[in-house]
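Undergrad: Please see the structure below; I have some questions.
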Amino acid sequence: MTAMLTQPVPATPAARPLRRTLARALLSDWFVLWLTLAYFLILLPVLPTLGTPANLANLLSNAWPLLVVALGQTFVMTIGGIDLSQGAVIGLTSTLGAALIATAGPPEVLSKAPIWGLLIFEDGGVLAGQLWLGLLAMLLAGALVGLVNGTLVAWLDMPAFMVTLVSLITVGAFAIWLTQSENIRNLPDSYVALGKGEIVSVYIGPKEEPQIPRRQVHELVTYAALVAVTLAVALHLLLERTAFGRQVLAVGANRRAAEIAGVPVRRIIVLVFVLSSLCATVGAVLYSARLEAGRPTLGEGTFLLDVIGATVIGGTSLFGGKGKVLWTVFGVLFFVLLSNSLNLMNLSTFHIDMVKGGVILAAALLDVARTRLLRGMA
Amino acid sequence: MTALLRFEGLGKDWFGVPAVRDLSLDIPEGRVLGLIGENGAGKSTLMNMIGGITAPTHGRMLWRGQPYAPASAADARAAGIAFIHQELNLFTNLTVAENLFIDGFPRRPGLLRPFIDRRAMRDRAAEVLARLALDLPPERTLDSLSPGERQLVEIARALHHDAALIIFDEPTTSLTPRETDRLFQAIEGLRAAGKTVIYISHILADVQRLSDGIAVLRDGRLVGEGPVADFDIPRMIRTMIGRDLAAVYPSRTAPPRGRPVLEVQGLSAPGVIEDVSLTVREGEILGLFGLMGSGRSELARILMGLDPAMRGDARLLGHPLRGGPRDRIRQGLAFVTENRREEGLMMDASIRDNLTLPAIERLRGPLGLDADRIADTAQALRETVRLKAQDLARQPVRSLSGGNQQKVVIGKWLPTEPRLFILDEPTRGVDVGARSEIYGLMDRLAAEGAGLLVISSELDELMGLCDRISVMSRGEVVATFDRARFDERRIIASAFRQAEGDAA
Amino acid sequence: MTSTQGALDVATRMGAVLMLVAIVLVFGVLTPGFLAPDSLANTVKQSSFIGIAAVGMVFVLLTAGIDLSVGSVMFLGSLVAGLVMRDAGAGVGLALLACLATGAILGAINAVLIVGLRVIPFIVTLSTLFLYRGFGTWLTESRQLDFPDEVRSFGLASVGGIPVPILIFAAVALLAHVILRHTAFGRHVYAFGNDPLAAAKAGLPVRRIQATVYVVSGTLAALAGFVLISQIGRLDAGFGEGREFDVIAAAVLGGASLFGGIGGAGSAVLGALTIQAVKAGLVFSGVNLYLQPLLQGAVILLAVFLDGLREARLRSLRRRVIRPRTA
C-alpha cells in the first residue's frame, strides 16, 4: 500500500514509453544545447557562412555580453519575478561611466547636458582615465537601481513586472536627460580594451601573399569572454553551492514555506534584484566598450526580448523555483545563433523581432508543458 | 412523510480505506437534521458526495425518490441543493443584490433585454432578504458588511435559488452571538417555509436547539439516529466518541523533566487570541485541543513570529521570543504547519533540498556549501524519520505519500536542534501505519529533551500522546488536564463550554 | 477603524480625482496658459487617444490580467485601415470597420494563448507586442503610409463644436460604463476579478469572460489607433510604440487595480485626463523634454504604490476572525 503510493502513478501502457521519452528529453539539462546544435547542423548546408570562423567568432562576441545580463535575469526569474529594467540600467550606467572616465568632452555636443560642468568638462570626466574608480561608480549606480526595485517588490508587495516597468521608463528617461540624448565618446583605451581586446586569437587560412603578408585574425579569448565565463562560473557556484543560492530557489519554489523555514525572504528578494542590476551594469561595460561610447539608449527596445527570451528558452521557469546558470548559457547560445542565422538570411530586424517574440511564446509554452509533465509524473 | 434525500448503503473508499461505509438514512422534507461527529468521522466526505465533488464507491442516493448521482457542483445546485460553508463563495466587490443574482440577472424587457433590470433586481433582492427578516440594503457592497451579514447573504442566495435542501457546515465559527441569533432565526424561517436543512456543527447546544432529528457519524458509519428529544448533550458526546483507543500510541518512554522550555504569559492579539498562558517543560508533550477556529493555529503562528501579538509575553528557556521566524528558529523553535502543501514543502523540489532548507546555513564548508555534509545530513534524516524514498537528491517531494511527506516536514527541523517543536495537525492526511511512526518520532524527540506543543482536532490522538492537554475555545485557554485526569467527556465538554454558555 | 486606515480609504477611493485636481491646480498656478479654454480643450482632445485604449485595458485589468500588446495593435489596426483605403479604395467607414476587425482578431489571438494554452498574460502579450509590430512592419516594408484626406477631414471634424475624437472617446467610455455596470457580462467580469474560483463555482462562463476582455482590449486599441491616425494622417514605423505604458498607466492612475476586480470606465477617463494633463502641464511649464518621462514615471509609481497598499488592506480584511467583537 505504502509502496504503491510512493511510486509514480503509471500512465496508460500505450502512452507510457513515448511520454517518458518526451518527458526525459524536455526535462534534460542539455535539451537546449542539443536543440542549438541541431538547428546549427540543419542550417549549415543551406547557409554555409554560418560556419565560417569569422561568423563563429562574431557569434561568440555577441553571446558574452548577453550572457552576462541574462545571468542576472535568471536569478530574478528563479524567485518568480522579472526584471524589465535591465536595459535601462545599461543605458544609465554606460552613460554615467563614460561621462566619468572620458578623456575629453566636446562642448559642442555636451554643453547643454545637465552633467556638463558637473561630471564632465572639456578636458574629460572627473575621474578621467581612472578605469577602476569609474567601474566602481557604475556598479554603485546599478546597485542603487536594483536596491530600489527590490525594496519596492519585497517590502511593499508590488508586482515585480510593474515596478521594473516603471523603473525601465524612469531610469531610461533619466539616462537620456543626463546627456540630452547625446553619446559620450573619448573613452580611455583601457576601457575600450574590455570590449575589444583579444587575449588569444586564432589564425586560420593561408598567408595572403599579395602585398603585405597577413592572416585572417579571429578573436577567440577576449576580455569579454573572460568576464562572462568568470561571472557565469561564479554565479553558478553562488546558486548551486551556497546557502544563499539554495534560499533563492526556496523563495521561488514556495515563498511561505521558505519564510517559515527561516529563509530571510525579503532580504533575498532585494539582493536578487541588486544582483540583476549589477549584471546589467557589467553588461553595460562590455557593450559600451565595444561601441567605444556611453549611450543612454543602449539597452532600449528589443534588447529586453533577447534577455528574457534567452533566459526562458534555457529552461528557467517563469513561475519561479527552477533556474540554472547552465540552462541560461545554452539559452543565450541558442538565441544568439538564432539572431545570427536570421541576419545571415538577410531578414529585416522586424522579422527577427517577430521570430524572437514567437520564440519567447514557444518557450513559455514549453515551460507550461514541462511543469505539467513534472506534475503528471509525480 | 416522504424522504427528500435518501442514502442506500452509501460508501466511499479512498485507496481502499473507507471514509464512509454502508450508510443508510432518510432525510425527511421540511425538517432540520443535525449531523454531528468528530473530525474525520466522514461528515465532509458525505457532504462532498451530496455536493457532486466526489462520487460514492458503494450504494446510491435518491433525491425525491429518483436516483441521484451528481457529476459536478452544478448538478447538485440544479437539483436544488445549496451549501453554506464558513468560507463564503461571494464577491466582495459587488453589491448584495448582485451577489444574489450573479448567475441569472433579471433583464429589462423588449429591446433593452441585454441590460440588467436594476430596479427589479433590487426589489426581488429586498423580497428575498425580507423573507429572512434581514434589513440589509440590497445596494450595499459586500466588503462593507460583517462576516455574519455576509453569511446571511449566502443563505439568501440559496433561498433565491429555490434550494430545497440547504446544508450548513460549521456556519457560526466567525459570528458574534448576535449574528448567530439572526442566523438561527433565519434557519427557523427556512423550516417554516418548508425547506429542508442539514446542520453540521461542533457546537452541540446549537445542534440541539435547531434540529428536529439527530444523526451521529463515527469512523464513517452512522452510529446513532433519532428525534432530538432522544439526544441530550451527554448522549451526543457518548455516541460520537465511544470507541477504543487504538494501540498506535507509544507508551511514553521518559517522564518530563523539570525545566520549562516555553512559558507564555497573558498573550493576546485582538480578534484572535485572548490572555493565553501556558508552559511546556523539557521532555513534555503538551496537547492543544479545541474546535476548528478556536485559535489554536493562530496561537502557533503568533508564537512563531508570523503574526503579531499585542500584549503578553512568550519566553523560550527564559529568553523572550523576538523577531520573525528566522530569529525564533535560531532561538530554538520549530514549526510543523497544518498545511503541508502551502506552508511546509517545496512540492517540486527534491527531498534533499526540502530536508536541508532550515539548516542550510549550518551546512557550509570552507568553500560554500559542503555537498558531502548535505548528502550525509539528508541520509541521516532519512534514517531518523524512517522515510520511505528511493532517491533523495532527485525524487520530488510531490511523489511521496502523505505520511512520508509529513516525515520530511518534521525531519527538516531536526538539524536546527530545536528546543520546542510546535506541531499543528501532525497526522492530518496520514495513514495509520505512518501515523504510529510519527507518534514514535515525537516520543523520541521528547525523550531527548525537547518540548512539544501538539495541536490536534483528534482528541484520542492527544490523549494517547500527551502528558497534559490544554483546551482552547474562542481564542482562550479554558482548561488544562493532566494525563492522570484525562477524561474524554470532560475535555470535549470544556471545548464546548463557551459555546454552551452563549446559547444558554 | 483607525484614522490612518480611513485616510487611506479616502485616498485610494478618491485618489484619482484628487490627483487630477491637484495636477490641474499646480500647473494652473505655475503656467497661466495651461488653464486657457483652448489649451484645456486641446488637453481633453489629446487624452481621447490614450483614453479609448485605456477603456479596453480596464476590462483586462478587472480580470487581474494585463495587455502589453496594445501599442502594436494600434499600429497594425491603423495599418490595415490604410492598406484597405490605398489598395482597395475603401471609404472611411469601411476602413474603420477593417481596423476594428483587425484589433478584434489580434485580441482574440491573445485570448486563445492566455485562456486556451494557459500561458500567463504578461508573457503572451509581451510576445505579441513584438509579433504584431514585426508583422505590420513587414506589410509596410518600413515605409510610411499616407492616408487620404478624407480620413483627416474625419478626424479633424467636429459635431456641434465638439471634436470627433472627444465624441468617440465619450461614446466608448459611456458604452463601456453601461456594459460594465448594467449587463450580466459586465458584472461577471467584476466577479471573476474578485475571485476566479468562486466565479467558476457559481457556474459563470469563466473562460469566455476572460477571453472576451482581451478581444475588447484589442478592438479598442485599434480604434484608438484609428482616432490618432485620423488626426495626423500619416503612419510611420514607430506609430504606437511604447504606448502600452501610457495606456496601463492611465487605467491604474484612474483607480483600476492591477490585482483585479476594482475600477471602471470612469477610471480610464480620469486616468487618461490625468496623464494628458501631466504631459501638457510639463510642456507648458517648459520642463526639459527629456525629463518629462521621469516625472510621469514618478506619478505612475505613486499610483501603483497606492494600489499595492489598497490590496494589502483588502487582504488583511479577508483574514479569519476568531473572537468577533461583540456588538
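Undergrad: Just read off the accessible area of C:H177 with the full protein assembly in place, 1.4 Å probe, to the nearest 10 Å².
TA: Result for C:H177: roughly 80 Å² accessible.
Undergrad: Give the average, rounded to an integer, of partner chain Cβ atoms located within 10 angstrom of each Cβ in A:161-168.
TA: Per residue, the number of nearby Cβ atoms from other chains is 6 on average.
Undergrad: Then there's this: Specify whether the C-alpha gyration tensor of segment C:100-168 places it in the rounded, prolate or oblate class, a ≥ b ≥ c being the square roots of the eigenvalues: rounded for a/c under 1.5, otherwise prolate if a/b is larger than b/c and oblate if not. List each step's numbers first, then the result.
TA: On the way: a/c = 3.64, a/b = 1.73, b/c = 2.10.
Note, shape of segment C:100-168 comes out oblate.
Undergrad: Work out which helices of chain B, taken as complete DSSP H runs, extend at least 18 Å along their axis over the Cα atoms and score a mean Kyte-Doolittle of -1.0 or more, then list them. Please list the in-between numbers first.
TA: Values: long enough: B:118-131 (20 Å, -0.89); B:147-160 (20 Å, -0.34); B:177-192 (22 Å, -0.73); B:371-384 (20 Å, -0.64); B:432-447 (23 Å, 0.29); B:488-503 (22 Å, -0.61).
Sorted by number, the helices that extend far enough and score high enough are B:118-131, B:147-160, B:177-192, B:371-384, B:432-447, B:488-503.
Undergrad: Starting from the alpha-carbon convex hull of chain B, give the projected area averaged over all orientations, in nm².
TA: Values: hull surface 109.5 nm².
So the mean shadow area of the Cα hull is 27.4 nm².
Undergrad: Here is a follow-up. Quick one: what do you get for segment A:226-378 if you divide its Cα Rg by 2.2 N^0.38 Å? Could the numbers behind the result be given before it?
TA: Details: Rg = 17.3 Å, N = 153, 2.2 N^0.38 = 14.9 Å.
In units of the 2.2 N^0.38 Å rule of thumb, it is 1.16.
Undergrad: Measuring with a 1.4 Å probe in the full set of protein chains, what accessible area per residue, in whole Å², belongs to the protein assembly as shown?
TA: Working: 48710 Å² over 1209 residues.
I get 40 Å² per residue for the protein assembly as shown.
Undergrad: Check the straight Cα-Cα distances from C:K279 and name the aspartates and glutamates below 13 Å, setting aside those fewer than 8 residues away within the same chain.
TA: C:D246
Undergrad: Let me ask another. Out of B:S436, B:G213, B:P227, whose Cα points farthest toward the positive end of the dipole of chain B (charges: +1 Lys, Arg; -1 Asp, Glu; placed on Cβ)?
TA: Farthest towards the positive end: B:S436.
Undergrad: Could you compute the FRET efficiency for B:A71 and C:L139, with r as their C-beta to C-beta distance and R0 at 30 Å, rounded to 0.05?
TA: Calculated transfer efficiency: 0.05.
Undergrad: How much length, in nm to one decimal, is gained on full extension between B:T57 and B:H319, taken as 0.36 nm per residue of separation minus their Cα-Cα distance? Kindly include the intermediate steps, with their values, before the conclusion.
TA: Details: separation 262, 0.36 × 262 = 94.32 nm, distance 5.45 nm.
Roughly 88.9 nm would be gained on extension.
Undergrad: Also, I was wondering about something else. Gaussian network model of chain A, Cα springs within a sub-10 Å range: biggest mean-square fluctuation belongs to which of A:E122, A:E108, A:E182?
TA: Answer for the Gaussian network model of chain A: A:E108.
Undergrad: Something else now. Test of the criteria: in segment B:1-98, which GluC sites (Glu not before Pro) are in a DSSP loop and have at most 11 other Cβ atoms within 10 angstrom of their Cβ? All intermediate terms of the calculation are to be shown ahead of the outcome.
TA: Values: sites: B:E8, B:E29, B:E38, B:E87, B:E98; in loops: B:E29, B:E38, B:E87.
Qualifying residues, ordered by number: B:E87.
Undergrad: Can you give the percent of C-alpha pairs in the protein assembly as shown whose distance is more than 48 Å? Could you put the intermediate results ahead of the total?
TA: Values: 291257 of 730236 pairs.
Every Cα pair in the protein assembly as shown considered, those over 48 Å come to 40 percent.
Undergrad: Please compute, for peptide C:250-262, the average count of beta-carbon atoms on other protein chains lying within 10 Å of each residue's beta-carbon. Please report the intermediate quantities before stating the final value.
TA: Details: counts 0, 0, 1, 0, 0, 0, 0, 1, 4, 1, 1, 4, 1.
So the per-residue partner count for this stretch is 1.
Undergrad: About the Cα centre, and with charges only on the beta carbon of Lys, Arg (+1) and Asp, Glu (-1), how big is the dipole of segment C:34-310? Nearest 20 debye, please. The partial results should precede the final answer.
TA: Numbers: 15 positive and 13 negative charges, 132 e Å.
Around 640 debye, computed over segment C:34-310.
Undergrad: Using a 1.4 angstrom probe with every protein chain in place, what is the largest-first accessible-area order of A:F174, B:F168?
TA: Details: A:F174 75, B:F168 0 Å².
Descending accessible area places them as A:F174, B:F168.
Undergrad: Separation between the A:L41 and A:L344 pseudo-spin-labels, each 7 Å from Cα along Cα→Cβ, expressed in nm?
TA: Calculated label separation equals 1.6 nm.
Undergrad: Here is a follow-up. Using r as the Cβ-Cβ distance of B:L111 and C:L40, and R0 as 60 Å, what FRET efficiency do you calculate, to the nearest 0.05?
TA: 0.95
Undergrad: Could you rank B:R131, B:R419 by how accessible they are, 1.4 Å probe, largest area first?
TA: Details: B:R131 135, B:R419 70 Å².
Putting B:R131, B:R419 in descending order of accessible area: B:R131, B:R419.
Undergrad: Suppose every K and R has +1 on its Cβ and every D and E has -1 on its Cβ; what is the size of the dipole of segment B:411-451 about the Cα centre, in Debye to the nearest 20?
TA: Details: 5 positive and 7 negative charges, 11 e Å.
Once rounded to the nearest 20, the dipole reads 60 debye.
Undergrad: Kindly work out what percent of the DSSP beta bridges joining two residues of the protein assembly as shown are antiparallel, to the nearest 5. Could the numbers behind the result be given before it?
TA: On the way: 60 of 97 bridges.
Given both bridge residues lie in the protein assembly as shown, the antiparallel proportion sits at roughly 60 percent.
Undergrad: For chain B, what does the helix formula give at 222 nm: sum of -39500 (n - 2.57) over DSSP H segments with n ≥ 4, over the residue count, nearest 500 deg cm²/dmol?
TA: On the way: 16 runs with 166 residues, N = 504.
Counting only the DSSP helices, I get -10000 deg cm²/dmol.
Undergrad: Let me ask you something else. Filter the trypsin sites (Lys or Arg not before Pro) in segment B:19-120 down to the DSSP loop ones having no more than 14 other Cβ atoms within 10 Å, then list what survives. Could you put the intermediate results ahead of the total?
TA: Working: sites: B:R21, B:R31, B:K43, B:R60, B:R64, B:R77, B:R107, B:R118, B:R119; in loops: B:R31, B:R64.
Within segment B:19-120, the qualifying trypsin sites (Lys or Arg not before Pro) (loop, at most 14 other Cβ atoms within 10 Å) are B:R64.
Undergrad: With every protein chain present, what accessible area does C:M14 have (1.4 Å probe, heavy atoms only), rounded to the nearest 10 Å²?
TA: Taking all protein chains as shown, C:M14 has close to 90 Å².
Undergrad: What is the magnitude of the charge dipole of segment B:3-241 about its Cα centre, with +1 placed on the Cβ of each Lys and Arg, -1 on the Cβ of each Asp and Glu, and no other charges, expressed in debye to the nearest 20?
TA: With Lys and Arg at +1 and Asp and Glu at -1, about 520 debye.
Undergrad: Averaging sequence separations of C-alpha pairs under 8 Å and six or more residues apart, then dividing by the length of chain C, give the relative contact order as a whole percent.
TA: On the way: 515 pairs, mean separation 110.8, N = 327.
It rounds to 34 percent for chain C.
Undergrad: Checking the table A:K112/A:K196; B:K12/B:K412; A:K322/B:K412; B:K43/B:K195; B:K388/B:K412 against a 23 Å threshold on Cα-Cα, which pairs fail? Kindly include the intermediate steps, with their values, before the conclusion.
TA: Details: A:K112/A:K196 31 Å; B:K12/B:K412 34 Å; A:K322/B:K412 21 Å; B:K43/B:K195 21 Å; B:K388/B:K412 15 Å.
Listed pairs above 23 Å: A:K112/A:K196; B:K12/B:K412.
Undergrad: Do you know the relative contact order of chain B, to the nearest whole percent, from alpha carbon pairs under 8 angstrom that are 6+ apart?
TA: Numbers: 980 pairs, mean separation 76.3, N = 504.
Relative contact order, chain B: 15 percent.
Undergrad: Quick one: if you stick a label point 7 Å off each Cα along the C-beta vector at A:W132 and C:V29, how many nm between them?
TA: Between A:W132 and C:V29, the label points sit 5.2 nm apart.
Undergrad: Continuing with this model, one more query. Expressed as an acute angle from 0 to 90° and rounded to the nearest 10, what is the orientation of the C-alpha long axis of helix A:31-43 relative to the principal long axis of chain A?
TA: It is inclined by approximately 70 degrees.
Undergrad: Taking square-rooted eigenvalues a ≥ b ≥ c of the alpha carbon gyration tensor, is segment B:3-241 rounded, prolate or oblate, where a/c under 1.5 means rounded and, failing that, a/b exceeding b/c means prolate? Display every interim value, and only then the final one.
TA: Values: a/c = 2.17, a/b = 1.56, b/c = 1.40.
Verdict is prolate for segment B:3-241.
Undergrad: Amide H to amide H, which residues 5 or more places from A:N254 or on other chains are under 5 Å from it, using H placed in the peptide plane?
TA: Amide H neighbours of A:N254: none.
Undergrad: In chain B, with Lys and Arg counted as +1 and Asp and Glu as -1 at Cβ, which of these residues, B:L459, B:F184, B:I50, has the Cα nearest the positive end of the dipole, that is, farthest along it?
TA: Working it through, the farthest residue towards the positive pole turns out to be B:I50.
Undergrad: For segment B:283-404, state the semi-axes of the equivalent ellipsoid (square roots of 5 times the eigenvalues of the alpha-carbon gyration tensor), sorted largest first and rounded to whole angstrom.
TA: Numbers: eigenvalues 173, 79, 33 Å².
Computed over segment B:283-404, the values are 29, 20, 13 Å.
Undergrad: Please label the shape of segment C:34-310 as rounded, prolate or oblate, based on the square roots a ≥ b ≥ c of the eigenvalues of the alpha-carbon gyration tensor (a/c under 1.5 means rounded; beyond that, a/b larger than b/c means prolate, else oblate). Show your work: numbers first, answer last.
TA: Values: a/c = 1.57, a/b = 1.19, b/c = 1.32.
Taking the square roots of the gyration eigenvalues as a ≥ b ≥ c, segment C:34-310 is oblate.
Undergrad: Connecting C-alpha atoms closer than 10 Å in a GNM of chain C, tell me which of C:A312, C:A90, C:A249 has the biggest fluctuation.
TA: In the Gaussian network model the winner is C:A312.
Undergrad: A further question follows. Per residue of chain A, what 222 nm ellipticity follows from adding -39500 (n - 2.57) for every DSSP H run with n ≥ 4, rounded to the nearest 500?
TA: On the way: 16 runs with 255 residues, N = 378.
-22500 deg cm²/dmol, from helical runs alone.
Undergrad: Let me ask something else. Sticking with the crude label model, points 7 Å out along Cα→Cβ, report the distance from A:T49 to C:A200 in nm, one decimal please.
TA: Reported label-point gap for A:T49 and C:A200 is 5.1 nm.
Undergrad: So for chain A, Kirkwood radius off the Cα pairs, Stokes-Einstein at 25 °C and 0.890 mPa s: how many µm² s⁻¹?
TA: On the way: Rh = 22.3 Å.
Stokes-Einstein gives a translational diffusion coefficient of 110 µm²/s.
Undergrad: Which of B:L145, B:A120, B:G37 sits closest to the plus end of the dipole of segment B:3-241, meaning its Cα is farthest towards the positive end, when Lys and Arg get +1 and Asp and Glu get -1 on the C-beta?
TA: About the Cα centre, the residue reaching furthest to the positive side is B:A120.
Undergrad: Contour minus end-to-end for A:D29 and A:N58, with contour as 0.36 nm per residue of separation and end-to-end as the Cα-Cα distance? Before the final figure, lay out each step's value.
TA: Numbers: separation 29, 0.36 × 29 = 10.44 nm, distance 2.60 nm.
Separation in residues times 0.36 nm, less the Cα-Cα distance, equals 7.8 nm.
Undergrad: Applying 1/(1 + (r/R0)^6) with R0 = 30 Å to the Cβ-Cβ distance of B:A393 and A:T230, what FRET efficiency is obtained, to the nearest 0.05?
TA: Values: r = 28 Å, r/R0 = 0.93.
Rounded to the nearest 0.05, the efficiency is 0.60.
Undergrad: In percent, what relative contact order does segment B:260-503 have, based on Cα pairs under 8 Å that are 6 or more apart in sequence? Mind showing how you got there, number by number?
TA: Numbers: 459 pairs, mean separation 70.8, N = 244.
Rounded, it is 29 percent for segment B:260-503.
The values are calculated or read from the model by the stated rules, or taken from the named source; none is laboratory data. These numbers were taken from a predicted model, which means no experiment stands behind them. Here Cβ is always computed from backbone atoms with ideal geometry, including for glycine, and neighbour counts include all displayed protein chains. When the accessible area is computed, the model is the full protein with side chains, heavy atoms only, and any ligands, DNA or RNA have been set aside. Shrake-Rupley method; radii C 1.70, N 1.55, O 1.52, S 1.80 Å.
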